[in-house]
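Engineer: Below is one structure. I have some questions about it.
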Amino acid sequence: MNFSRIELSAADITDTEIQAVTEVLKSGKLSLGPKLAEFEEAVKALTGAKYAVAVNSGTSGLFLCLKAMGIGPGDEVITTPFTFIASVNVILQAGAKPVFADIHPDYLNMNPDLIDELVTPKTKAIEAVHAFGNPWGIDEVQRIARERGLMLIEDSCEAIGTVYKSIPAGMFGDAGFFAFYPNKQITTGEGGIIITDNPELADLCRSLRNQGRSPDGGWLSHERVGYNFRLSDINCALGTAQLSRFAEIKMKRSQAAGKYIEKLNSDKRLIMPQLPDNCDFSWFVFVVRLTEDCSLNQRNELLDMLKSEGVCASNYFPPVHLQPFIKAPLGIEEGSFPVTESVSSRTVALPFHSNLSDEKIDFVCEKLSLCLDRL
């Protein structure tokens, strides 16, 4: 079977979501209404968190965590150079300095063995990112943070629904957060949410997301400088409807990943995603890697060939530390984080979403094999 174009991602929207959003539009209560609390309660039920604070993006969630923890100018935050740029942008926006720890070559998360030597008197927190939703190493990072008296922020934007060693992603840190862009497991269109068991942190984040307003004060009573990071009832209704179908969505994504692995696992030109033991994984993307003898130019050529064959594929993620606005001010040299640079030059994100049919996966795999033959 031939297809003219297979998109990299697609949201899983049904009549359930459409009806939920339509009801909000008809109600006239589009923001700061009942759907906000309903969505927060649904996320608490999924994760076991005591508190949830919905915001307008995962980026905003991280920013509010940093602000609520008092992290700012003169402080350092240890994190990974292999992530979406927002994970580091926000540290800079808070006025702090990102300090990078290279990644594990198999699991692609920050290598815990490299963290301890990076801790200085200026270090205030570790931001652990679950690359592609993979929670590997977070328990060890948690141990280090506790031993060194550091805050742990868990960037679980890509990991909602993952459970590692019986603990839901987002619940290892002092705070965690998720993002709900349309390529994620569930979507609110745009949006994010902070989860924590710390009541003071939750109260601060609630205040900061809504112009610094006091939770118990009047409409124009403000306690601090705040922001407009609210999530509308339209977005929240969409998110709650998605969560009502989450088991189904998670299962379909797992089946799609399993089909890819079945088709590609024997191809020695590719490295499959590596997952840790004792992990109930919630698939965000399906990213393979070319073997170490392949160059960046060859990977990019492969992406171009796939595009010409109607297969949308991408390079997740370019090294954050080599972005010009980060590299120069921080004085980072190319080659400083060799594992990240090597992995990043060989990643290929294949089309992946919960409604990806077996026929489309077969098509992608056939075209991938053909393009690899021509490489």
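Engineer: Could you figure out which of (1) closer than 18 Å to GLU158 by Cβ; (2) without any contact (Cβ under 8 Å) to a residue 24 or more places away in the chain isn't true of VAL287?
Structural biologist: (2)
Engineer: On to the next question. For the range 262-375, give me every one of the helices (runs of 4 or more DSSP H) that falls completely inside it and has 2 or more residues that are more than 21 Å from PRO105 (Cβ to Cβ), among the aliphatic types (A, V, I, L, M) and over 21 Å from the mean Cα position of the chain (by Cα).
Structural biologist: 296-308, 324-330, 358-374
Engineer: Please find, among SER60, SER31, the residue that is of a type in the set (Ser, Thr, Tyr) and assigned to a loop (DSSP other than H, G, I, E, B).
Structural biologist: Details: SER60 fails: assigned to a loop (DSSP other than H, G, I, E, B).
Criteria check complete, one pass: SER31.
Engineer: Looking only at the range 14-44, which residues are β-branched (Val, Ile, Thr) and either touching a Gly at 6+ places or on another chain (Cβ under 6 Å) or touching a residue at least 60 places away in the same chain (Cβ under 8 Å) (or both)? Spell out how you get there, then give the answer.
Structural biologist: Going through the range 14-44, the residues β-branched (Val, Ile, Thr) turn out to be 14, 16, 18, 21-22, 24, 43.
THR14, THR16, VAL21, VAL24, VAL43, listed by residue number.
Yes/no matrix, rows are residues, columns are (1) more than 21 Å from SER232 (Cβ to Cβ); (2) surrounded by 15 or more Cβ atoms within 10 Å (Cβ to Cβ):
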| site | (1), (2) |
| --- | --- |
| ALA20 | no, yes |
| LEU32 | no, no |
| PHE39 | no, yes |
| LEU46 | no, yes |
| GLY61 | no, yes |
| GLY74 | yes, no |
| VAL77 | yes, yes |
| PHE84 | yes, yes |
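Engineer: Modelled with pLDDT of 95 or more, among the charged types (D, E, K, R) and in contact with a Ser or Thr (Cβ under 8 Å, 6 or more places away or on another chain), is that true of ASP203? Before you say what the answer is, go through the steps one by one.
Structural biologist: Working: modelled with pLDDT of 95 or more: yes; among the charged types (D, E, K, R): yes; in contact with a Ser or Thr (Cβ under 8 Å, 6 or more places away or on another chain): no.
For ASP203, the condition - modelled with pLDDT of 95 or more, among the charged types (D, E, K, R) and in contact with a Ser or Thr (Cβ under 8 Å, 6 or more places away or on another chain) - is not met.
Engineer: Need pairs with beta-carbon distance below 9 Å; first residue in contact (Cβ under 8 Å) with a residue 12 or more places away in the chain and assigned by the TED database to the domain that holds LYS67 and within the range 208-221, second surrounded by fewer than 12 Cβ atoms within 10 Å (Cβ to Cβ) and among the hydroxyl-bearing types (Ser, Thr, Tyr); sequence gap 6+ or separate chains.
Structural biologist: From residues that are in contact (Cβ under 8 Å) with a residue 12 or more places away in the chain and assigned by the TED database to the domain that holds LYS67, the pairs are ARG213/SER221.
Engineer: Select from the range 323-360 the residues that are within 15 Å of PHE100 (Cα to Cα) and acidic (Asp, Glu) and write down the one among them that is surrounded by the fewest Cβ atoms within 10 Å (Cβ to Cβ).
Structural biologist: GLU333
Engineer: Sticking with this structure for a sec: Go through the residues of the range 68-86 one by one and say whether even a single one is assigned to a helix (DSSP H, G or I), within 18 Å of the chain's Cα centre (by Cα) and within 12 Å of VAL320 (Cβ to Cβ).
Structural biologist: Within the range 68-86, one or more residues are assigned to a helix (DSSP H, G or I), within 18 Å of the chain's Cα centre (by Cα) and within 12 Å of VAL320 (Cβ to Cβ).
Engineer: Among the residues of the range 224-247, which ones are free of Cβ contacts under 8 Å to residues at least 40 places away in the same chain and either under 30 Å from LYS367 (Cα atoms) or surrounded by 15 or more Cβ atoms within 10 Å (Cβ to Cβ) (or both)?
Structural biologist: GLY226 - this is the single residue of the range 224-247 that is free of Cβ contacts under 8 Å to residues at least 40 places away in the same chain and either under 30 Å from LYS367 (Cα atoms) or surrounded by 15 or more Cβ atoms within 10 Å (Cβ to Cβ) (or both).
Engineer: Using the structure shown, decide if PHE363 is at pLDDT 95 or above, surrounded by 16 or more Cβ atoms within 10 Å (Cβ to Cβ) and not hydroxyl-bearing (Ser, Thr, Tyr).
Structural biologist: yes
Engineer: Out of the residues in the range 172-220 meeting the condition of being of a type in the set (Asp, Glu) and more than 24 Å from the chain's Cα centre (by Cα), tell me which one is nearest to GLN142 (Cα to Cα).
Structural biologist: GLU200
Engineer: Quick one: which of ALA241, ALA257, ALA237 is in a helix (DSSP H, G or I) and within 19 Å of the chain's Cα centre (by Cα)?
Structural biologist: ALA257
The values are calculated or read from the model by the stated rules, or taken from the named source; none is laboratory data. As the structure is a computational prediction, the values presented were derived from the model and not from experiment. We place every Cβ from the backbone using ideal geometry, glycine too, and count neighbours over all the protein chains shown.
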